[in-house]
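Coordinate-derived values only; no laboratory data. All figures in this text were calculated on a predicted structure; none of them were measured in a lab. Positions of Cβ are generated from backbone atoms using ideal geometry, with glycine treated the same way; all protein chains shown enter the neighbour counts.
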Amino acid sequence: MIVSQQKPLEEILGYLDGEDRIFILGCNGCAEASGSGGPAQVAEMQSILEENGKNVIGSMVIDFLCQKALVKSRLRPRTEQVGAADSILIMTCGLGVQAVAASVNKICHPACDTVNIGGSRGEWKGKERCLECGECLLEYTGGICPLTACTKGLINGACGGASNGKCELDPERDCGWELIYERLKQKNQLDKLKILIPPKDYSKMMPSPKMMSTSLWALEQIDQEEKIE
Amino acid sequence: MSLRSVLESGKFAITAEVGPLKGTDINEIEEVAELLLGRVTATNVTDQQSSVMRLGSLATCHLLKEKGLEPVFQMTCRDRNRLALQSDLLSAHVLGIENVLALTGDLPSLGDHPQAKPVYDLDSVQLLWAINRLNEGYDVVGNELHGKTDFFPGAVVTPETDTEAKLELQLIKMEKKIAVGAKFFQTQAVYNVDNFAKFMKRVEGFGVPILAGVIPLKSVGMARFMNKNVSGVFVPEELIDKMAKAEDKAATGMDIAANLIKELKHICQGVHLMAIGWEKRVPAILDAAGL
Ligand code: SF4
Ligand code: SF4
């Protein structure tokens with residue numbers, strides 16, 4: 001289970017600035033359980049964007065967005081719609097956004113922040129990794145997580161350590177920032193590299209008490225109280 | 001004359017790197033300080049270089065300052081979070097240290113304490129931004145300081161790269177560093193002056209002084225080792241050949257360094273000598289370069 005919460009609306013609208021045709025993607029997995037990107041939130045987002053003058057040309061909820069093969073097979077029948085969009089707004093965890101950004105050559109905006117649940121989060125076989133930092137930066141990095149793809153977790157660009165595109169740590173490991181560069185270049189978004197990212201707010205990494213009282217967390221609590229005898 | 005006034009007045013700056021040893025023995029540093037006094041604009045003290053635990057940069061800068069040298073305090077983001085970085089910066093200011101060089105820092109796994117937890121709470125761009133905040137009289141969250149700092153911040157750049165991505169990433173990051181207050185740059189070691197001149201052409205419009213890195217070659221093995229293992233260092237075969245044929249390797253290595261400095265003098269604003277164990281030979285290299 002990965003817990004995510006929606007970013008503030010102003011932040012999302014800021015990402016969509018200058019774009020008109022938006023395709024929205026939600027996820028029937030953890031994002032639905034977190035109340036951040038299930039069918040209900042996708043529908044709600046659609047009307048909010050329309051109220052804000054955007055043209056939502058399509059939306060879809062897939063289970064699960066973190067699986068690239070599934071993303072591709074579900075989106076294939078909608079290729080025309082997706083192709084006509086200026087960008088995709090992705091309402092799910094950091095893994096899902098990265099998986100979509102790696103599968104579709106479109107600008108991909110994260111609509112959620114992934115927060116840390118401070119414990120085991122199961123096994124994930126895909127290449128994407130999310131540190132659950134609570135302040136998702138995928139908007140600026142072409143949908144590749146700088147905190148996990150870069151060995152040092154640098155967020156304002158590469159260190160000087162790479163050789164032939166490999167990280168200074170290990171010649172087997174790609175330099176995350178060179179991957180980010182190539183991805184942004186492919187999506188015609190190299191300008192994003194010039195944006196100065198302020199120091200991260202690590203206090204956002206943990207979920208707020210308010211969030212912990214939402215549906216699934218609350219259910220867990222009840223589950224602990226009432227034991228089946 | 002301070003590094004700031006040398007660079008601001010357009011004079012050619014010479015900085016020499018000093019690497020503190022592991023332990024409390026400071027004899028070596030004191031000897032080097034005496035030899036460098038009056039010969040260099042500033043001495044640049046590494047911060048646990050290559051992630052090997054050593055005597056600290058701040059204390060060493062203070063010692064050098066007491067000996068009459070102008071120190072550059074190197075600060076990496078590897079070992080300190082934003083509280084410790086800012087606090088050490090305040091300490092540096094009260095000790096009279098003016099120049100800070102902000103670096104990301106090598107990964108701990110490459111050094112002699114690979115078990116250590118890497119910090120990187122701030123990155124080098126954000127560290128420069130933090131230095132600028134302190135100079136303005138505020139900490140990074142906006143609290144007012146009782147007495148501000150007055151640092152002359154510098155940063156690093158790797159001019160020679162092996163991929164398009166790396167070069168562009170370096171240039172964009174350089175611009176970001178300038179935007180948040182970097183006032184000078186020092187570079188990774190340069191061996192190919194033509195390539196370096198091309199880099200200088202690309203950053204011409206940036207308007208910041210650049211100190212070209214110079215590492216004297218000690219042996220063929222060292223040159224090959226750097227080519228293989230040190231990112232951004234490319235020693236041309238021609239120089240390796242020259243070293244291989246030389247009878248007196250040390251003299252030839254120093255000669256190559258002196259010639260590089262002579263040529264670099266025409267295309268950038270200073271040199272940064274990284275002697276790596278040959279600190280005591282720096283005056284001789286400078287003599288040969290006519291400086
Ligand atoms: S920036 Fe990376 S770690 Fe943070 S939420 Fe996004 S994917 Fe996860
Ligand atoms: S070489 Fe690339 S991935 Fe490795 S620490 Fe530097 S920027 Fe990050």
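Observations, loosely collected:
- About its Cα centre, the dipole of the protein assembly as shown is roughly 960 debye, where the only charges are +1 on Lys and Arg Cβ and -1 on Asp and Glu Cβ.
- Peptide B:93-105 is shielded by partner chain Cβ atoms: per residue, an average of 1 of them sit within 10 Å of its Cβ.
- Relative contact order (%) - criterion: Cα under 8 Å, at least six apart; region: segment B:106-232: 21 percent
- Magnitude of the charge dipole, segment A:27-130, Cβ model with Lys/Arg +1 and Asp/Glu -1, debye to 20: 540 debye
- Selection from B:Gln74, B:Ala59, B:Leu264 lying farthest towards where the dipole of chain B points positive, charges on Cβ: B:Leu264
- Average partner coverage of A:174-183, which counts Cβ from other chains inside 10 Å: 3
- Rounded to whole Å, sorted largest first: equivalent-ellipsoid semi-axes of the protein assembly as shown, Cα gyration tensor: 48, 25, 21
- Legend: distances between Cα atoms for A:Lys152/A:Lys192; A:Lys192/B:Lys265; B:Lys176/B:Lys198; A:Lys166/B:Lys262; A:Lys166/A:Lys192; pairs beyond 30 Å are A:Lys192/B:Lys265; A:Lys166/B:Lys262.
- Residue-averaged beta-carbon neighbours from other chains (10 angstrom radius) around B:112-123: 3
- Ordering A:79-86, A:90-97, B:131-138 by mean Cβ neighbour count within 10 Å, with the highest value first, yields A:90-97, B:131-138, A:79-86.
- By the equivalent-ellipsoid construction on the alpha carbon gyration tensor, chain A comes out with semi-axes of 27, 24, 17 Å, ordered largest to smallest.
- Remark on segment B:3-286: Rg and Dmax equal 18.4, 62 Å (Cα only).
- Extreme residue, positive dipole direction of segment B:3-286, given options B:Leu127, B:Met243, B:Ile26 (C-beta unit charges): B:Met243
- Relative contact order computed over chain A (Cα-Cα under 8 Å; 6+ residues apart), in percent: 18 percent
- In terms of the mean number of neighbouring beta-carbon atoms within 10 Å, the peptides B:24-35, B:81-92 order highest first as B:81-92, B:24-35.
- Value of relative contact order over chain B, rounded to a whole percent, pairs C-alpha under 8 Å and six or more apart: 18 percent
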